[in-house]
1. Net charge near Phe134: determine it from the other residues with C-beta under 9 Å of the C-beta of Phe134, scoring Lys and Arg +1 and Asp and Glu -1.
2. From the mean inverse distance of alpha carbon pairs (Kirkwood) and the Cα radius of gyration, derive Rg over Rh for segment 357-396.
3. Please report, as a whole percent, how much of the solvent-accessible surface of the chain comes from carbon and sulfur atoms (probe radius 1.4 Å).
4. Enumerate the amide H contacts of Arg536 below 5 Å, restricted to partners 5 or more residues apart or on another chain; note that Pro and chain-start residues carry no placed amide H.
5. Provide the packing ranking of 405-411, 662-668, 271-277, 456-462, i.e. peptides ordered by the mean count of other C-beta atoms within 10 Å per residue, highest first.
6. Would you mind checking the radius of gyration and Dmax of segment 214-287 based on alpha-carbon positions, in Å?
7. Place the peptides 262-270, 290-298 in order of packing, highest mean first, counting for every residue the other Cβ atoms within 10 Å and averaging per peptide.
8. For segment 533-648, just say rounded, prolate or oblate: build the C-alpha gyration tensor, square-root its eigenvalues into a ≥ b ≥ c, call rounded for a/c under 1.5, and beyond that prolate if a/b exceeds b/c, oblate if not.
Amino acid sequence: MPSLAGHILLCLRCLAMPTRRLWSLAAALIAACLQLMASPLQAVELSLSQFQYLTSLQARAKAMALSQSDAWRALVHYKVHPLTRTDRSLADDEDFFNSPNGATNPEAELNATLAAFFDPSLGRALDQNASCRFIGRYEWLKEALQFDPNLLPEPHCERYQQWRKGLNAVSATLVFPAAYLNSPASMYGHTFLRLDPPAGPNGSAHNPLLSYAINYAANGNEAEGLAFAFKGLMGLYPGQFTNSPYYLRIRDYNDLENRDIWEYDLDLSPQEMNRLLAHAWELGPTRFDYFFFDENCSYHLLALLDAARPGLHLTDQFTWRAIPIDTVRAVTDTPGLLKRTHYRASNSTELRYRAELIGPDRARAAKQVALGQQPTDSLKEREPDPNLRARMLEVSERYLAYDATQRDLGPAVQSRRMQLLGARAALPAGTPIEVPTPTTPPQAGHGTARVDLLAGQRNGRATLQINARPAYHDLLDPEEGFQRGSAIQFFRLEASKSENGSLQLERLIPVDIVSLSPYDGLMSARSWLVRFGLTRSWARLKSPHPDKRELGAEVNGGPGLAAELNTSHSVMGYVFLDNQLWLDPSMPKEKFAAGSGIAAGLLWDATRSWRIQVELYGRASLAGQPRESGARFDQRWKLNTETNLVLQCQWKTRQNQGTQRECLGGVQRYW
């Protein structure tokens, strides 16, 4: 590696050029000399002609303001910090930068990147030179500055070309697997990109299962549960891009986790596809700190699209949070970016639809055959119609395939499936069954953030209340585009002001999750809830200042059951084992208490816009602490996709502490 003195001599040679050189070029040479001496990464011997060419490229890039262009900022992931208002790259990997201060200085990074292109050494990730390591930057700068191949030879990037050949991709699809409550990383859903090959011979459509997928995810262990979620919130996991066959993603999401999948074909030109793939190659070995709320899987996929089509500014729409479905909405709302949408039903969705077609009695008989509780021939006696019997056998086989993903059935399951398929093949072929696409796609549902403005009475006193939550959906929210029976709320905040009182925090609930999985006689259903946070204690009995309630805390959770109570699925009933730990300074004995009880309720869709929730609960505490019971009656009237009217009334009584009542009504607004 040349010494510092060697760089200085080279700079002096530059300054000693004939006087016919323009003074502006001399100034550019001096700046380039200083840049070289400041950056050990550029310590490489250049010929005089190469050095002059490098400085001319840097001067032209400065004159064209390339370092502030949309393309360069997208390629290096520069964003203005929302608080300090200074530039910084979101990449957290030193190898991603060529300048020592490239993470915060776009111009210095561009100059250092141009200089690095003259270094043929293979010292970068995957044994590449700089031009191949940063192939996206190289191709864009080559196009913008019109590189002279005699002075800056074209790189031969064998690894990159092999990767591109293996992908054989000419188009891209944004894929959205729906929310999955049993995984902290996927409670809001997930997004990734599918890379599709060209059409087959004679224009025949390709099989998307043979495509590859690009995914960004935290490199952590989801089995850690809430610890995984906490680390994700704090950015304690590295996030990385990976690619894998699409059929493996289908197996994970559609088959094992039973998540419906929505596919959004993107309208990208060949040049934009080339930019997307080149930048994806650059990001492969690059580390980003993973943040659950903002710099997550969906955010960084938008960054890929920003690099593919500079000027989209998709990521600029997400500063503090990036909920997957909101990023899908950003893509579908961008003119000229979406071609078409496809729906891929999960195994469980298809099984439920097939069961509905044959009715509950036939579905239960099909389940008994699948489990070996009844012989296959028993269906002949039960159902004389061969077409219906064929549908029952299809449900039996599909149920067995579904059950095998939920528990270990051993190697015998495959032979049993073959027996069922053989019996089915002996019956009429019938018509193929396709699960109908939901009328409302996920991106057409309500916004994930919400604010409530409420007014009413609490314990006989006029009260104003404001509620806010950054994410995501509760049981009273309109279900269109969301999973029925699921409620996921993070960091819900409620503040109130009563008559002659001051504004005070009413509740702060970091996590509130309810999963209602109705039992249908066919598939196992697990309902559960978990909730914890800060909440105001009860007013002290006969207190002259009923508004002065102290702040306490509570943890709720437990298993439950749910069921659809009519065939139109407009009424759902549920019951939970309501376990609770709480801190309440108003209690007459110990301030801590633990108890358990039962909570039961109904969700009723009276009309398409009007939903009612009624819930009753009763709870007994340990160690002689007071018993508690209560009821709530809530209504929501949907005015449009962004606005609801609500009425929320509740009553609760606690032994030796009296009764408390409140009834608040107002408006909710989504965004």
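The values are calculated or read from the model by the stated rules, or taken from the named source; none is laboratory data. Source: prediction; values computed, not measured. So basically every Cβ, Gly included, is an ideal-geometry build from the backbone, and we count neighbours across all protein chains shown. All accessible areas refer to the heavy atoms of the entire protein, side chains included, with ligands and DNA or RNA removed. Shrake-Rupley method; radii C 1.70, N 1.55, O 1.52, S 1.80 Å.
1. Numbers: positive: Arg124, Arg133, Arg137; negative: Glu282.
Surrounding charge for Phe134 is +2.
2. Answer for segment 357-396: 0.90.
3. 57 percent
4. For Arg536, the qualifying residues are Gly552.
5. 271-277, 662-668, 456-462, 405-411
6. Rg, Dmax (Cα atoms, Å): 15.3, 43.
7. Top to bottom by mean Cβ count within 10 Å: 290-298, 262-270.
8. Values: a/c = 2.96, a/b = 1.62, b/c = 1.82.
Oblate, because a/c is 1.5 or more while a/b does not exceed b/c.
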